[in-house]
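The values are calculated or read from the model by the stated rules, or taken from the named source; none is laboratory data. Every value quoted in this text rests on a predicted model; they were computed, and no experiment measured them. Here the Cβ is made from the backbone with ideal geometry for all residues, glycine too, and neighbour counts use every protein chain on show. Note: accessible area is taken over every heavy atom of the protein model, side chains too, but ligands, DNA and RNA are not part of it. Shrake-Rupley method; radii C 1.70, N 1.55, O 1.52, S 1.80 Å.
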Amino acid sequence: MTHASSTAVLVIDVQRGMFNAPEPVHDGTRLLTAIGDLIHRARAAETPVIFVQHRGHTPQHPLYPAGPGFEVHPAIAPLPGETRVQKDNPDSFQDTSLQTELEKRGIKNVVVCGIQSDLCVDTTIRAAYSRGLRVTLASDAHSTWPNAALNADQIIAHENATLASWFAEVKPAAEIAF
């Protein structure tokens, strides 16, 4: 069980643009359901939820700030007053206010979910670990796209196994208690 007073949920890059054709994120409906449940339980326990949004740098990018894909997906939309952090790099801490936001709340534990398993989720977890935070990865609440070597399910399984070996406690979202 995590301690609500010192825990926050980090929702990484779950933005509209990640769910658009021609290549929507793998198993997006299941992903939104798992993250939505995790957020609901965190809010009920008065655990802060922090939404990280990636900024694309060209108008053609699906996460361009002035475009419709930049907003957090409406199925898990932030409530008024919930923190949003914008980033330009895979590391949610690099050149952002995330560390300050966590410190001002006395956060020592983070529960991580979101997109992209093998890029922003992985990098943020390793950065959080390096900053001395206790990290829990919701094993079924992150997703990605296939690459030349692995399909999306294989990448997700690989990330769960790799991050569990050193950087995070890895467990299904439904087993994470606040």
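So the values come out like this:
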quantity: Charge tally in the Cβ shell below 12 Å around Arg134, where Lys, Arg are +1 and Asp, Glu are -1, Arg134 excluded; calculated: +1
quantity: Karplus 3J(HN,Hα) series, Hz, for the stretch 38-48 with 6.51 cos²θ - 1.76 cosθ + 1.60 (x for Gly, Pro); calculated: 4, 4, 4, 5, 5, 4, 4, 8, 6, 8, x
quantity: In range of the label at Thr33: residues from the stretch 61-84 whose backbone nitrogen is under 20 Å from the point 7 Å along Cα→Cβ; calculated: 73-77
quantity: Charge tally in the Cβ shell below 15 Å around Val14, where Lys, Arg are +1 and Asp, Glu are -1, Val14 excluded; calculated: -1
quantity: Separation between Cα centres of the stretch 5-21 and the stretch 100-133, rounded to whole Å; calculated: 12
quantity: Helix-only [θ]222 nm of the chain, DSSP H runs n ≥ 4, -39500 (n - 2.57) each, per residue, nearest 500; calculated: -8000 deg cm²/dmol
quantity: Relative packing of peptides 76-89, 108-121 - highest average C-beta neighbours within 10 Å first; calculated: 108-121, 76-89
quantity: Computed label-point distance, nm, for sites Thr96 and Ser6 using a 7 Å Cα→Cβ extension; calculated: 2.3
quantity: Hydrodynamic radius (Kirkwood) for the chain, which is based on Cα pairs only, to one decimal in Å; calculated: 16.0
quantity: Heavy-atom accessible area per residue - the chain, 1.4 Å, Å²; calculated: 46
quantity: Accessible area in the full protein assembly, largest first, 1.4 Å probe, for Lys171, Lys104; calculated: Lys104, Lys171
quantity: 24 Å Cα-Cα reach of Lys171 towards lysines, excluding residues that sit fewer than 8 places from it in its own chain; calculated: Lys108
quantity: Global form of the stretch 15-101, assessed from the alpha-carbon gyration tensor, a/c cut-off 1.5; calculated: oblate
